[in-house]
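Computed from the coordinates by the stated procedures, all read-outs in this text should not be read as laboratory data. All values reported here derive from a predicted model rather than from experimental measurement. Methodologically, a virtual Cβ is constructed for each residue, glycine included, from the backbone with ideal geometry; neighbour enumeration extends over all protein chains shown.
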Amino acid sequence: MANLVIDIGNTRTKIAVFEDNDLLYASQYQRVDTSIINSWLSDYTIERVVISSVKKNKEEWQDSLAAATPVSYFNASMTGNITNKYETPETLGLDRLAAAIGAWHLFPGIDNMIIDAGTCITYDFIDSSGDYFGGSISPGLNMRYRALNYYTAALPLIDADKCFDDTYGKDTPSSMRSGVQNGIKFELTGFIGSYKKDESDMNVILTGGDSIFFDTLLKNSIFAPCIKIDPHLVLKGLNAVIQK
């Protein structure tokens, strides 16, 4: 028997199947319909389903899924084994909560800093006792490039360049890349350093769509040895919750 875990984000929906703690298969879609859900149900014997969504309205396929098997909807009261001390828990992004649960589930008894590199960059920390207090939110990689183009009259819209490794730019595109990519690198090392100075044994877990890119930014930093990449951290957190 398996668990079906679904994370509905702003731009993509991630779906995974777990058997206990083992991730059997994961995929992501820009659009989900009933035929996609039926294919998952036909390929696996599903015992439990959990859905986390940033959207307020349910889609048709969710009703079809609920008719086939019991569905739980992830919410702020479902905290697994962590203690959520966020002052307004009902406003905490469900992806941030699930990532914190996932980090504690994978590395219990250890301080964990989670960096989710998606549309926004979120920084969250859960201590070795399983207490979560909050974190930080800043613009993501692509959002910064789009903002430079949108809010100015002369700057072009360009993409990130994983090969860029200069200290400063020598023309407008490279200057933009220096500002955005070096800026994120300094932001990352600043946040990591501010936490790690008090927590010497802390893990740093990178997740999200740009996690590989961020790992490249940090490859030569003093923090590289403590960095772990887990693109499925949120899904693993949701699976940990449904097992409870």
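DSSP beta bridges fully contained in region 44-138 are about 70 percent antiparallel. For the chain, the antiparallel share of DSSP beta bridges with both residues in that region comes to about 55%.
Which order do 159, 215 fall in if you start with the one that has the fewest other Cβ atoms within 10 Å?
Details: 159 10, 215 16.
Arranged by neighbour count, lowest to highest, 159, 215 become 159, 215.
With kT/(6 pi eta Rh) evaluated at 37 °C and eta = 0.692 mPa s, and Rh the Kirkwood radius from Cα pairs, region 25-90 diffuses with a coefficient of 235 µm²/s according to Stokes-Einstein. Amide H contacts for residue 86 (H built 1.01 Å from N in the peptide plane; partners 5 or more residues away or on another chain; cut-off under 5 Å): none found. The antiparallel fraction among DSSP beta bridges confined to region 2-73 stands at about 55%. Computed over the chain, the Cα gyration tensor eigenvalues convert (square root of 5λ each) into semi-axes of 33, 23, 15 Å, ordered from largest to smallest. Reported to the nearest whole Å, the Cα centre-to-centre distance from region 63-108 to region 15-43 is 19.
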